Amino acid sequence: VHLTPSAQPLRGKKIIVTSGPTHEPIDPVRYLANRSSGRQGHAIAEALSKLGADVVLIRGPVAIPDPVGPKTIQVETARQMLAAVEAQLPSDAAIMVAAVADWRPESEGGEKIKKKVGESTPSFALIENPDILRTVGHHRQRPALVIGFAAETQNLIDNAQAKLARKGADFIVANDVSTETGIMGGTRNQVRLVSKAGVEEWPELDKTQVAERLARRVADFFVNEII
Ligand code: CTP
Ligand code: CA
């Protein structure tokens, strides 16, 4: 029997993707953030959409354009991102690419903090943000496929394997974001795909190529049940 592979193997699958940084307000004019450009998450959303998936991209503040195809929801903080993700459940898959701020300033003052001559500089207490991937990975409406990223500057594989277990993910896409790699904020990426089955090293590719390869992997999961 000759089976023609569908050009749109993800048709009918709803997939949630998060992308970009989050901004955590300090006061009305200042925020805590990170170097994420949103390039990798946006490219993944677009690649999944090209394979026919109904993609909902939930994205933090980024300077790049929204991809063509996915439905895009814009958020600012980690708490808003979590609420937007939960509002989209149930879904078939969730791919959490956002560089969510781990902490936020404990209290967002209603007024701009002013410099005062002769007084000490302000200090901030930080509190932990919700972990969106971990929430989705252990959710009562957990998608059949949950994928996270692991941005590390050291002990890449050990940290990625620990995240796989802790967050209840099926795959962790691990990348080395030491500043000399130029990955965070850059256009190229070199990743390792970590699952219970082991570690698969991918070559250095453009973020769009990493996205296409990951999207095909997602299609393999749904079409051929390959993990
Ligand atoms: N993530 C998330 N919500 C958070 C923090 C992280 O959804 N509050 C997701 C990211 O989108 C990514 C994965 O969790 O898919 C791993 O993020 P990472 O920052 O590497 O892991 P953390 O658990 O935050 O640990 P650490 O930053 O200490 O390495
Ligand atoms: Ca983190």
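Throughout, read-outs are computed from the coordinates displayed, never taken from laboratory work. Every value quoted in this text rests on a predicted model; they were computed, and no experiment measured them. Note that we place each Cβ from the backbone using ideal geometry, even for glycine, and neighbour counts take in every protein chain shown.
Numerical summary
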{"quantity": "Estimated [θ] at 222 nm from DSSP helical runs (n ≥ 4, -39500 (n - 2.57)) normalised by residues in the chain, nearest 500", "calculated": "-8000 deg cm²/dmol"}
{"quantity": "At most 14 other Cβ within 10 Å, DSSP loop - trypsin sites (Lys or Arg not before Pro), region 7-86", "calculated": "R11, R35"}
{"quantity": "Dipole in debye (nearest 20) - the chain, about Cα centre, beta carbon charges: Lys, Arg +1; Asp, Glu -1", "calculated": "360 debye"}
{"quantity": "Choice from I172, I132, I73 with maximal GNM fluctuation in the chain (Cα, 10 Å cutoff)", "calculated": "I73"}
{"quantity": "Protection proxy ranking, peptides 216-225, 188-197, average beta carbon neighbours within 10 Å, highest first", "calculated": "188-197, 216-225"}
{"quantity": "Those residues of region 80-110 whose amide nitrogen sits under 12 Å from the label point placed on R30, 7 Å along Cα→Cβ", "calculated": "105, 109"}
{"quantity": "For region 1-152: span of alpha carbons on each principal axis (Å, largest first)", "calculated": "82, 33, 28"}
{"quantity": "Highest-fluctuation residue, E119, E106, E24 considered, GNM on the chain with Cα pairs under 10 Å", "calculated": "E119"}
{"quantity": "Selection from W103, A174, P9, by position along the positive dipole direction of the chain (Cβ)", "calculated": "P9"}
{"quantity": "Cα→Cβ-extended label distance, 7 Å offset, between D102 and Q209, nm", "calculated": "3.1 nm"}
{"quantity": "Cβ-based charge dipole, region 110-227, positive-most Cα from V194, V210, A151", "calculated": "A151"}
{"quantity": "Check: region 30-69 dipole with +1 on Lys, Arg Cβ and -1 on Asp, Glu Cβ, in debye", "calculated": "260 debye"}
